[in-house]
Amino acid sequence: MKVGYSLTTRLTVFFTLASGVVLVGLGTLVAISIDKHFVELDRDALRDKIHLTREVIGKAKSPEDLQVRLDDVLHSHEGLYVSVLQGTRPLYSTPNFQFPQDLTTRTQAARLGVASWQTKDDEYRGMSESVLLPGSSAPPLQIWVALDIAHHKHFMQGLIQVLVGYVALATLVAGVLGWWAAKNGLAPLRAMRSRAMAITAQRLDERMPTQEFPVEMADLATTLNEMLRRLKEEFDRLSEFSSDLAHELRTPINNLMTQTQVTLSQNRSPGEYRDILASNAEEYQRLARMIADMLFLAKADHGLILPSLEKIAVHDEAQALFDFYEALAEEKQVQLKLSGEAEISGDRLMLRRALSNLLSNAIRYTPSGEDVVIDIKGDLQGTTVSVLNTGPTIDEQMIPRLFDRFFRADKSRRQLDSDGAGLGLSITQAIVHAHRGHISVTSSHGKTCFSMFFPMG
């Protein structure tokens, strides 16, 4: 199982590693710079010794005189080694010291013109230079000069030890400071966590105090507050829906229980029993339709409604519904009108159900002598089906909730069908959304219009 580390631990480790890398890099840079400085000092010292040797060579009258003069001049220079060669014949050489045979080549290839080499016990830096004696036809002399750099090496070893210790200690201190900074910097996050843990279903009105958090977390707090607001709205709707559902189910059940108890209180004729059973059957039918509608909406919420796709002539479907509702329209003295033609790609039964819900509502609330119009318009984007009717203007505050389940503008109104329970518009919206469309409603000046848009394809 993967182990999760706290944000404080992660920030501390990151800060410690970053500090360690920076300190190691700085220490390395210091060591390299000092070593380079020593090489430059040794180069200058070697050049001075070569210049001194050249002066002695210029004053010498013979190889013997050269040896004597160099011994006199160089005997006081501890750690200095000199060799003067004429061709392959040595004219002078520091006793008990061996130069590399390829010193000239090393000098030419070395950094800053200073060659370095190491023996079993010591380390040296040297330089080679050719000297042509004035007025002489002899081959040029080779001057080899070397310095013992043991003191430099000891200094660098001590310096490296000090740097390593300092880097280790500084990294440790940086880690402690990083932990302190991360712990204190994340304190607002822990405060936010504590407030979030205090929020329950009964305390969804709690909000994060954005003014108490840094700027970087204020946006997060604002987002969380917005999320809590939406959750509270949905929770309130769910609570109201549960209450409405219990009320809608309780009414027919109470009717059935009361009627059954009254029926069983005394003997009745077979005809009376048949009437009572027929009445009960109507209540059972209402319950069955309500449960079926709820199952449909539940499937819609989980994306389980997959409409079949076929080309549907909306005009023909609307005309078929007109034929079905003709008797109801005549009874209410409402005129049904149809205009426009278009096709949509969708489920025929679901489209008919959605259109039927809107049409039945329009007929129900349209005054006598008025018209109910279904207008169909199609373009390259899709098809719009509008159901227009005259009647009471819907309050603007009610419009956003028209598609809520069990919502009725008039709480006292009771109907015997599922639409009257407040599910018709919810089902219509679910059907339109299943077809990747949208539904809208406008109501003003005694005219109400429900519009369903179905996109192409």
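Any read-out appearing in this document is the output of simple, stated calculations on the displayed coordinates, not a laboratory observation. Owing to the predicted nature of the structure, the values given are computational and were not obtained by experimental measurement. When we count neighbours, we look across all protein chains shown, and the Cβ atoms used for this are built from the backbone with ideal geometry, even at glycine.
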Q. Fully extended, how many nm does the chain gain between Ile394 and Phe241 (0.36 nm per residue separation, minus their Cα-Cα distance)?
A. 53.0 nm
Q.
What lysines does Lys59 reach when the alpha-carbon gap must be under 26 Å and sequence neighbours fewer than 8 apart in one chain are set aside?
A. Lys49
Q. Rg(Cα) of the chain divided by 2.2 N^0.38 Å?
A. 2.23
Q: Among the listed pairs Lys36/Lys153; Lys120/Lys153; Lys299/Lys447; Lys337/Lys377; Lys332/Lys447, give every one whose C-alpha distance is greater than 24 Å.
A: Lys299/Lys447
Q. Given Cα pairs under 8 Å that are at least 6 residues apart, what percent is the relative contact order of the stretch 310-455?
A. 23 percent
Q. Simple spin-label model, 7 Å along Cα-to-Cβ: Glu40 to Ser308 in nm?
A. 9.1 nm
(Q) Test of understanding: extend the Cα→C-beta vector of Leu112 to 7 Å, then name every residue of the stretch 147-185 with backbone N under 17 Å from that spot. (A) 147-157
Q: State the answer as a single residue: which of Ser19, Gly58, Pro455 lies farthest towards the positive end of the charge dipole of the chain, with beta carbon charges of +1 for Lys and Arg and -1 for Asp and Glu, about the Cα centre.
A: Gly58
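Loop-only trypsin sites (Lys or Arg not before Pro) in the stretch 38-78, please: DSSP not H, G, I, E or B, and at most 14 other Cβ atoms within 10 Å.
Lys61
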Q) Running Debye on the stretch 193-285 with equal point scatterers at the Cα sites and no solvent, what base-10 log of I(q)/I(0) appears at q = 0.10, 0.14 Å⁻¹? A) -0.53, -0.66
**Q.** Charge-dipole axis of the chain as Lys and Arg at +1 and Asp and Glu at -1 on Cβ define it, positive-most pick from Thr384, Asn280, Ser239
**A.** Ser239
Q | Rotationally averaged projected area of the stretch 7-172 (alpha carbon convex hull; nm²) | A | 12.1 nm²
(Q) If I take every Cα pair under 8 Å that is 6 or more residues apart in the chain, average their sequence separation and divide by the length, what percent do I get for the relative contact order? (A) 11 percent
Q. Spin-label point model (7 Å from Cα, Cβ direction): what's the Asp371 to Val215 distance in nm?
A. 6.2 nm
